[in-house]
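Peer 1: Let me give you the structure first, and then I'll get to my questions.
The values are calculated or read from the model by the stated rules, or taken from the named source; none is laboratory data. This is a predicted model, so every value here is computed, not measured. All Cβ positions, even for glycine, are placed from backbone atoms using ideal geometry, and neighbour counts span all protein chains on display. Keep in mind that these areas ignore ligands, DNA and RNA; they rest on the heavy atoms of the full protein, side chains included. Shrake-Rupley method; radii C 1.70, N 1.55, O 1.52, S 1.80 Å.
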Amino acid sequence: MKCQCVVGLSFSHTWAVFQIELLSSGPSLSSESQSNAADKRLLDSLRQGLATKFPNPERIGCPGNALLKGIAQGKVSLVEAEPWLDHLGSCSPCFREFKEFRRQAATQRRRVLTLVATAAVLLFAVGGWLLVRARRSAEATDTAVLDLRERSVARGQTSSETGQAPLEIPRTAKHLVVDLPIGSKDGPYDVGLLTETGDQIMRATGMAQLHDHITDLQVDIDLRSVRPGAYSLGVRQPSLEWTRYPIRVF
């Protein structure tokens, strides 16, 4: 008589194996069980036996692919599958189909997780790029640059006497960078917003520094209370008169 050993055990053993397969189609077996090599070999033997030792070539009593696929994908509960467990624990073709459906479901889950992870990385990258762009745009809006290098205005002149097109500065500007006329010295400077009559509306002080043959002056300003219109931009070193440049606030 041919000994079937482990794979020839009673139906209760094979049904137990199917239950294990069924449960493992959801949460994974515990790491403690997986780490036990002997248990793993026993389970593999039982799986092999259930997959081959119960032929059913005529597929008598088989529930059909829809139910097997539903169980493998976790769409059919154990309560709904219970009437079929006796058959599934003693039909090798059904067991093989169940394992194949479970393999396909696992592959699909991995594919979906990969797509989700890829989409998350792309969203993070795009979001970061948009955030950096928005910050740079905000910084560009907050900072106004005025180039006075080629503008020649004598001290004490008014904006109406220069005949030059006015500079422009937005009321939203919070920082002002002034490229001073060629030959300007570095050191402290006052920057003021003046009316046509010389009244001072706003004044700020900063240190001018020479960078790459350009003397630039940086100051913080607040123009929110200034009405849009034509003014003079006054620039001076301490104790000297204003040098005025026509400017339009918008």
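Peer 1: Of the residues GLU80, GLU100, only one is acidic (Asp, Glu) and either at pLDDT 85 or above or surrounded by fewer than 12 Cβ atoms within 10 Å (Cβ to Cβ) (or both); which? Lay out the reasoning, then the answer.
Peer 2: Values: GLU80 fails: either at pLDDT 85 or above or surrounded by fewer than 12 Cβ atoms within 10 Å (Cβ to Cβ) (or both).
Exactly one of GLU80, GLU100 is acidic (Asp, Glu) and either at pLDDT 85 or above or surrounded by fewer than 12 Cβ atoms within 10 Å (Cβ to Cβ) (or both), namely GLU100.
Peer 1: Checking VAL153 against (1) under 18 Å from ARG248 (Cα atoms); (2) assigned to a loop (DSSP other than H, G, I, E, B); (3) aliphatic (A, V, I, L, M); (4) at pLDDT 85 or above, which single condition isn't satisfied?
Peer 2: The failed condition is (4).
Peer 1: In addition: For the stretch 67-86, which positions are within 22 Å of THR52 (Cα to Cα) and out of contact with any helix residue (DSSP H, G or I) (no Cβ under 7 Å at 6 or more places or on another chain)?
Peer 2: Answer for the stretch 67-86, where residues must be within 22 Å of THR52 (Cα to Cα) and out of contact with any helix residue (DSSP H, G or I) (no Cβ under 7 Å at 6 or more places or on another chain): just ASP86.
Peer 1: Which is in a loop (DSSP other than H, G, I, E, B), surrounded by 13 or more Cβ atoms within 10 Å (Cβ to Cβ), modelled with pLDDT under 85 and aliphatic (A, V, I, L, M), of LEU42, LEU29, LEU50?
Peer 2: Exactly one of LEU42, LEU29, LEU50 is in a loop (DSSP other than H, G, I, E, B), surrounded by 13 or more Cβ atoms within 10 Å (Cβ to Cβ), modelled with pLDDT under 85 and aliphatic (A, V, I, L, M), namely LEU29.
Peer 1: Next up: Condition check: farther than 15 Å from VAL145 by Cα and touching a Lys or Arg at 6+ places or on another chain (Cβ under 9 Å). Does TYR245 satisfy that?
Peer 2: no
Peer 1: Cβ-Cβ below 6 Å, separation at least six or inter-chain, first residue in the stretch 71-84 and without any contact (Cβ under 8 Å) to a residue 24 or more places away in the chain, second open to solvent by less than 90 Å² (accessible area, probe 1.4 Å): which pairs?
Peer 2: VAL76/GLY70; TRP84/PRO63
Peer 1: Report, by residue number, each residue of the stretch 201-219 that is surrounded by 13 or more Cβ atoms within 10 Å (Cβ to Cβ) and either of a type outside the set (Gly, Ala, Ser) or closer than 18 Å to ARG151 by Cα (or both).
Peer 2: Hits for the stretch 201-219 are ILE201, MET202, ARG203, THR205, ALA208, ILE214, THR215, ASP216, LEU217, GLN218, VAL219.
Peer 1: Here is a further query. With the requirement that a residue be of a type outside the set (S, T, N, Q) and either assigned to a helix (DSSP H, G or I) or modelled with pLDDT under 80 (or both), what does the stretch 136-150 give you?
Peer 2: Result: ARG136, ALA138, GLU139, ALA140, ASP142.
Peer 1: Moving to a separate point now. For the stretch 162-204, name all the residues that are without any contact (Cβ under 8 Å) to a residue 60 or more places away in the chain, outside any strand (DSSP E or B) and in contact with a strand residue (DSSP E or B) (Cβ under 6 Å, 6 or more places away or on another chain).
Peer 2: Selection gives ALA173, LEU180, SER184, ASP186.
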